[in-house]
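**Student:** Let me begin by handing over the structure; questions about it come next.
The values are calculated or read from the model by the stated rules, or taken from the named source; none is laboratory data. Because the structure is predicted, anything quoted here is derived from the model rather than measured. Positions of Cβ are generated from backbone atoms using ideal geometry, with glycine treated the same way; all protein chains shown enter the neighbour counts. These accessible areas exclude ligands, DNA and RNA; they are computed on the full protein's heavy atoms, side chains included. Shrake-Rupley method; radii C 1.70, N 1.55, O 1.52, S 1.80 Å.
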Amino acid sequence: MSAQQSYKEIATRYTAAWNAHDIPAIMAMHVDDTSYRRHGSARIFRGKEAVAEQFGKDFSGLPGLKFEPVSLHGSDDHFVAESIITATTPDGAPVTMELIDLITLRDGKVVSKDSYFVTSRPPREK
């Protein structure tokens, strides 16, 4: 990673590409041997083609998917991004999830994306 490209800058560009639903821009930030894992599922997607295909399914399964950053921590070889995800289901029902992404980096590109998320509970009525 160059001195000019901090993990914060990488995370900002990555989130912007996700919020634009721009799979080519997202994948341009990944290494060829990248991996993606959604914890709670046994499946690990490996390689750019498999990861891009799954990201496309994620977008089609949650139209309007948007990431609102909450916190960001990291160093030269990784970052941990906490976000609130909002979207709708294909039938229009609203979805809100809390997300933690652990992103490992090599030379400023994403080596792995490990996502931990839960559906947010609505606030309690008073």
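**Student:** E98 fails exactly one of the following numbered conditions: (1) assigned to a loop (DSSP other than H, G, I, E, B); (2) among the acidic types (D, E); (3) surrounded by 13 or more Cβ atoms within 10 Å (Cβ to Cβ). What is the number of that condition?
**Tutor:** For E98, the exception is condition (1).
**Student:** Tally the residues that are out of contact with any Ser or Thr (no Cβ under 9 Å at 6 or more places or on another chain) and open to solvent by 50 Å² or more (accessible area, probe 1.4 Å), restricting the search to the range 66-87.
**Tutor:** Counting residues in the range 66-87 that are out of contact with any Ser or Thr (no Cβ under 9 Å at 6 or more places or on another chain) and open to solvent by 50 Å² or more (accessible area, probe 1.4 Å) gives 1.
**Student:** Please enumerate the residues belonging to the range 10-51 that are surrounded by 12 or more Cβ atoms within 10 Å (Cβ to Cβ) and modelled with pLDDT under 95.
**Tutor:** Within the range 10-51, R38 is the sole residue that qualifies.
**Student:** Name the residues in the range 57-86 that are over 14 Å from the mean Cα position of the chain (by Cα) and outside any loop (DSSP other than H, G, I, E, B), would you?
**Tutor:** Listed by number, the residues that qualify are S60, G61, H73, G74, S75.
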